[in-house]
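A short worksheet on the structure shown next.
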């Protein structure tokens, strides 16, 4: 159990050093709107840029990364950052 927690802390810490180009806070939104809104913002960004999406709907923490990968984007991390709060970090590839 301690190793698992240490890994989570490392992943969150390493993301602090990542340059985030845009942030989208869509707390209060549910699927499929969380993915649609994330995709629309990502379409406005340049290839290689990183989008940080903040959500508070647990199914989106699985569905948004899955859909982004299916679209050919690079999902860098999905981190639980609070009670019922997640961040999804996506690098634009297309």
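Every number here is computed from the coordinates shown, using simple stated rules; none is lab data. Just so it is clear, the structure is predicted and the values come from calculations on it, not from any experiment. Note that we place each Cβ from the backbone using ideal geometry, even for glycine, and neighbour counts take in every protein chain shown.
For 19, 94, 80, what ranking results if the residue with the fewest other Cβ atoms within 10 Å of its Cβ goes first?
On the way: 19 6, 94 9, 80 13.
Ordered by Cβ neighbours within 10 Å, fewest first: 19, 94, 80.
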Ascending count of other beta-carbon atoms within 10 Å, so fewest first, for 85, 18, 51, 76 = 18, 85, 76, 51
